[in-house]
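> Quick one: the structure is below, and I'll ask about it shortly.
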Amino acid sequence: MTSFALQELKLIDPSMGSGHILVYAFDVFMQLYEAEGESPRTASELILENNLFGLDIDQRAFQLAYFALMMKGRQYSRRILAKQLRPNVYVIPNNSEIGETELQLVQIQFNDQKKAQQDLLTLVKGFKNGAELGSLIQFEGLDFENLKSGLNNINISFFDQSIKEMILVGELLQQQYEIGITNPPYMGSSGMDKILSGYVKKIYPDSKSDLFGIFIERLEEMIKPTGYYAMITQHAWMFLSSFEKLRIKINQQTIVNMAHLGTRAFEEIGGEVVQTTSFVITPKKYKNYAGGYLRLVDFDNYRLKETKALDAITGSTDYLYTIKQDRFLEIPGQPISYWVSENILKLFTMPSFVDKVNFKEGITTANNSLFLRYWFEIDALNKNWIPYNKGGSYRKWFGNNDYLVNWYDDGNVIKNYPGSSFRNKSFQRSDGATFSALTSGNFSVRKSVSNAAFDSKGTMFFSEKYNLYNIIGYMNTNLFQKLLSYVSPTLDYRFGTIQKLPLLYINVENIVKQNILLSKKEYTSFETTNDFSQHPLIGEIV
């Protein structure tokens with residue numbers, strides 16, 4: 001790489017915080033410049049002027065990033081503070097005062113005044129919600145060379161200074177970069193305010209579930225087609241159905257490599273438990289490229305993860321997987337299940353549950369304290385209350401029959417309650433099986449008791465084409481758990497994901513019925529269940 005090419009290499013961190021990534025990137029660029037024979041003093045100035053760019057919505061974070069980069073420059077160039085040089089880091093403007101009328105007062109002179117007025121109007125409108133939208137704001141077609149032609153006048157007013165900031169930040173948001181690196185903010189859609197929520201639903205509908213997913217899309221937009229972007233995010237985008245459209249977009253690019261970190265990637269045991277992954281992607285699609293994936297999710301502290309990562313670099317392949325990205329397309333939902341084997345991939349080519357088994361989501365009462373009771377709270381003779389499947393903890397074959405639901409007037413007492421969702425009434429109280437949509441452990445299926453209604457978290461399934469007991473048996477196997485782990489390792493077992501899995505026919509009806517009877521006997525042998533008759537130890541003592 002020539003010295004000129006190195007000066008043209010631009011790196012952006014659109015959510016820079018206090019600048020940790022940019023400071024590290026400064027050291028990397030310094031090594032590159034020194035390798036080309038550049039003096040450290042000149043290199044430090046070139047890096048700040050040409051190579052590093054950063055944005056954030058927090059004023060204090062911006063100030064820290066600015067200070068950190070200037071101190072890095074001062075480390076190599078003692079006179080840098082006396083020069084007219086500032087790092088290319090900015091806080092996103094939040095324009096609440098300047099509009100079309102106020103723009104008429106701008107005293108800045110531009111080469112093309114008419115075009116500048118049009119572009120300035122676009123800028124002030126774009127930054128109207130800068131504090132909420134930050135680097136998600138986009139600009140296209142603005143002539144920043146023309147706009148910057150008016151910034152040479154050093155005697156500009158405070159009002160004009162605000163315009164200047166918008167021009168400089170707007171250019172950073174419009175131009176493209178060779179490299180993008182960031183640790184984006186995390187925020188689920190439920191935590192977004194009205195402005196941010198409305199914006200991302202319109203502009204980023206495929207990743208609107210969380211800000212980190214939105215920033216994956218945004219950073220890719222800021223990168224040239226031949227560039228690279230790297231991030232560390234929660235790993236939910238790799239598997240959850242809510243990010244499936246985002247994965248489809250990513251699988252049209254090229255994942256260069258990934259370190260799947262899991263929990264406690266930065267602290268000792270007992271620290272943060274956010275499941276994280278770090279990765280490098282290029283927008284360009286390279287056919288038949290096999291990416292490297294480092295699986296560190298099974299190690300419970302960052303020191304052990306670091307040791308295993310170094311082992312992989314030095315030749316150990318126990319935790320390093322290499323797979324062509326197109327293989328992800330063979331799995332329903334295109335999850336980034338890089339550790340999948342060839343034999344498992346073959347199973348995914350078999351017919352799925354779809355059209356053979358009916359998975360149904362149940363009721364949302366909108367007021368559980370009004371409509372639900374534990375079985376021991378209701379008189380057994382009260383026929384208005386019926387069994388209610390509401391998920392629960394890990395348990396196979398039979399059990400978790402803790403709740404009753406008020407079914408007065410054939411359930412209309414719930415259906416007519418404000419805010420409730422009375423789904424799939426024709427399937428309520430039907431013969432079927434149930435499982436927990438959300439659990440902290442492995443997946444487990446149970447035969448439902450007769451006459452039971454079911455909750456949105458206690459999904460049920462029914463089948464007229466296949467023997468229900470054979471399906472229960474198959475779904476309780478270790479094989480099914482393994483298949484499920486490739487499409488939903490987050491322990492969020494939504495039926496939309498499950499019904500895409502291969503349905504393997506196994507004839508185990510008699511074994512399953514026996515297991516159900518044994519499980520029921522064990523379950524009802526304790527006084528906490530409604531069918532309790534006698535504790536098992538009493539019989540043994542007698």
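The values are calculated or read from the model by the stated rules, or taken from the named source; none is laboratory data. On a predicted model such as this, the values are computed, not experimentally measured, just so you know. When we count neighbours, we look across all protein chains shown, and the Cβ atoms used for this are built from the backbone with ideal geometry, even at glycine.
> For region 459-513, which helices (runs of 4 or more DSSP H) that fit wholly inside it have 1 or more residues that are within 20 Å of Asp431 (Cβ to Cβ) and touching a Ser or Thr at 6+ places or on another chain (Cβ under 7 Å)?
Correct list: 468-475, 495-498.
> Cβ-Cβ under 6 Å, sequence separation 6+ or interchain: first residue in region 109-125 and farther than 18 Å from Ser162 by Cβ, partner part of a helix (DSSP H, G or I) and modelled with pLDDT of 90 or more. Which pairs?
Asn111/Asn146; Asp112/Asn146; Lys115/Asn146
> What pairs come out if I take residues in region 158-179 that are over 16 Å from Val91 (Cβ atoms) and pair them with residues that are in a strand (DSSP E or B) and of a type in the set (S, T, N, Q) whose C-beta lies under 9 Å away, six or more apart or interchain?
Within 9 Å, the pairs are Glu178/Thr226.
> Within region 519-528, is even one residue closer than 30 Å to Asn406 by Cα, of a type in the set (A, V, I, L, M, F, W, C) and part of a loop (DSSP other than H, G, I, E, B)?
yes
> Now, a different point. Among the candidates Gly150, Gly134, which residue alone is of a type in the set (Gly, Ala, Ser) and either in contact with a Gly (Cβ under 7 Å, 6 or more places away or on another chain) or assigned to a loop (DSSP other than H, G, I, E, B) (or both)?
Checking each option against the conditions leaves just Gly150.
> Still on this model: Just one of Tyr24, Tyr66 is among the aromatic types (Phe, Trp, Tyr), part of a helix (DSSP H, G or I), modelled with pLDDT of 95 or more and touching a Pro at 6+ places or on another chain (Cβ under 7 Å); which is it?
Within the list Tyr24, Tyr66, the selection yields Tyr66.
> Assuming Gly392 fulfils every condition listed in (1) on the phi < 0 side of the Ramachandran plot; (2) out of contact with any Lys or Arg (no Cβ under 6 Å at 6 or more places or on another chain); (3) buried (at least 17 other Cβ atoms within 10 Å of the Cβ); (4) in contact (Cβ under 8 Å) with a residue 60 or more places away in the chain apart from one, which condition is it?
Condition (1) is where Gly392 drops out.
So that you can scan it fast, the table gives a plain yes or no per residue for (1) within 19 Å of the chain's Cα centre (by Cα); (2) surrounded by 13 or more Cβ atoms within 10 Å (Cβ to Cβ); (3) free of Cβ contacts under 8 Å to residues at least 24 places away in the same chain:
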site: Arg327; (1), (2), (3): no, yes, yes
site: Ser337; (1), (2), (3): yes, yes, no
site: Ile344; (1), (2), (3): no, yes, no
site: Val357; (1), (2), (3): no, yes, no
site: Glu361; (1), (2), (3): no, yes, no
site: Thr364; (1), (2), (3): no, yes, no
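> Output yes when any residue across region 295-303 is within 22 Å of the chain's Cα centre (by Cα) and either part of a strand (DSSP E or B) or modelled with pLDDT of 95 or more (or both), and no when none is.
Yes, region 295-303 contains at least one residue that is within 22 Å of the chain's Cα centre (by Cα) and either part of a strand (DSSP E or B) or modelled with pLDDT of 95 or more (or both).
> Residues in region 384-395 that are at pLDDT 95 or above and more than 16 Å from Ser450 (Cα to Cα): how many?
0
> Determine whether Ala116 is over 35 Å from the mean Cα position of the chain (by Cα) and either more than 30 Å from Ser44 (Cα to Cα) or not in a helix (DSSP H, G or I) (or both).
Yes; evaluated as a whole, the condition is true for this residue.
> Still on this model: Where residues in region 77-88 are under 25 Å from Ile167 (Cα atoms) and in a loop (DSSP other than H, G, I, E, B), which of them is modelled with the highest pLDDT?
Among them, the one singled out is Pro87.
> Would you say Ser18 is without any contact (Cβ under 8 Å) to a residue 60 or more places away in the chain and touching a Lys or Arg at 6+ places or on another chain (Cβ under 8 Å)?
Answer is no for this residue.
Residues are listed down the side, and each one gets a yes or a no for (1) closer than 27 Å to Met231 by Cα; (2) in contact with a helix residue (DSSP H, G or I) (Cβ under 6 Å, 6 or more places away or on another chain); (3) assigned to a helix (DSSP H, G or I); (4) not aromatic (Phe, Trp, Tyr):
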| position | (1), (2), (3), (4) |
| --- | --- |
| Ala5 | yes, no, yes, yes |
| Met30 | yes, yes, yes, yes |
| Glu45 | yes, no, yes, yes |
| Asn50 | yes, yes, yes, yes |
| Phe62 | yes, no, yes, no |
| Met70 | yes, no, yes, yes |
| Gln75 | no, no, yes, yes |
| Tyr90 | yes, yes, no, no |
| Ile98 | no, yes, no, yes |
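> Select, from Asn50, Asn95, the only residue that is touching a residue at least 12 places away in the same chain (Cβ under 8 Å) and touching a Phe, Trp or Tyr at 6+ places or on another chain (Cβ under 9 Å).
Asn95
> Right, here's the next one. Among Val413, Val405, which is crowded, with 17+ Cβ neighbours inside 10 Å and closer than 20 Å to Asp531 by Cβ?
Val405
> What residue, among those in region 464-480 that are in contact with a Leu (Cβ under 8 Å, 6 or more places away or on another chain) and among the hydroxyl-bearing types (Ser, Thr, Tyr), is nearest to Arg446 (Cα to Cα)?
Tyr474
For every residue, the table says whether it meets (1) of a type in the set (A, V, I, L, M); (2) in the same structural domain as Thr276 (by TED's automatic domain parsing); (3) at pLDDT below 95.
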| residue | (1), (2), (3) |
| --- | --- |
| Tyr186 | no, no, yes |
| Lys201 | no, no, no |
| Gly213 | no, no, no |
| Ile223 | yes, no, no |
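> Restricting attention to region 153-182, which residues are among the β-branched types (Val, Ile, Thr), modelled with pLDDT under 95 and in a helix (DSSP H, G or I)?
Selection gives Ile163, Ile167.
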